[in-house]
Amino acid sequence: MRKKEREIRDFADIVDVLRRCDTVRMGICGGEYPYVVPLSFGYEVADGKLVLYVHGAGEGKKHDLLARSNRVCVEADLCHRFVDTGVSVTAEYESVIGYGTAEKAAGADAEKGIALLLEHCGFAGHPCSPEAFPNLTVYRIALESVTGKRRMI
């Protein structure tokens, strides 16, 4: 990280930034160009690591690219406001970037992932019909590394 004074070093603070984000952007390799897709998500901390859950159809570009390479980068951010410092205009923000692998979740793990996603989206305890699962794919993204950054003036 170029500006070390902006690094969020405390893991709990990084998790808190992610908690307040409503969307992650997942970058996937495997095609002619990198592919970035915004996703709603759920998450948990397991064994001291962040694990994200996302979902989508069982077909399409995201699905095809993940079948080729499951290594991903995820990014989430909060832009609080833009500020005129008198020298330049800048943003007050917080962000998280993580690297890991996306694996298809199945059975109880997929159900847990959807429950965490619903909880994070404000629908804790909302039922997900068993009939929905054959029509969707749940991915579990285990982050191997994660960093956070913030700038507040």
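Here, each number is a calculation from the coordinates, and none is a lab measurement. The model shown is predicted, which means the values in this text are computed figures rather than measured ones. Every residue, glycine among them, receives a Cβ derived from its backbone with ideal geometry; neighbour counts consider all protein chains shown.
Some notes on this structure:
- Helix screen, the chain: DSSP H segments with Cα axial length of 18 Å or more and mean Kyte-Doolittle hydropathy at least -1.0 are 107-120.
- Each peptide in 2-8, 133-139 was scored by the mean count of other Cβ atoms within 10 Å over its residues; highest first, the order is 133-139, 2-8.
- Whole-number percent relative contact order across segment 4-151, with pairs defined as alpha carbons under 8 Å at least 6 apart: 32 percent
- Sorted by Cβ neighbour density within 10 Å, fewest at the top, the residues Ser95, Ser129, Ser69, Ser145: Ser129, Ser145, Ser69, Ser95
- Flagged links, alpha-carbon separation over 30 Å, of Lys61/Lys112; Lys4/Lys104; Lys4/Lys112; Lys3/Lys104; Lys62/Lys149; Lys4/Lys62: Lys4/Lys104; Lys4/Lys112; Lys3/Lys104; Lys4/Lys62
- For the chain, the mean residue ellipticity at 222 nm estimated from helices alone is -6500 deg cm²/dmol, where every DSSP H run of n ≥ 4 contributes -39500 (n - 2.57) and the total is divided by all residues, rounded to the nearest 500.
- Order of Met152, Met26 under a 10 Å beta carbon neighbour criterion, fewest first: Met152, Met26
- Listed residues Ala67, Ala110, Ala142, most fluctuating in the chain (Gaussian network, C-alpha, under 10 Å): Ala67
- Spin-label model, Lys49 to Ala67: label points 7 Å out along the Cα-to-beta-carbon direction sit 2.6 nm apart.
- The GNM of the chain, with springs linking C-alpha atoms under 10 angstrom apart, assigns the highest mean-square fluctuation among Arg71, Arg140, Arg81 to Arg81.
- Between Glu103, Glu92, Glu131, the Gaussian network model of the chain with springs among Cα atoms under 10 angstrom shows the greatest mean-square fluctuation at Glu131.
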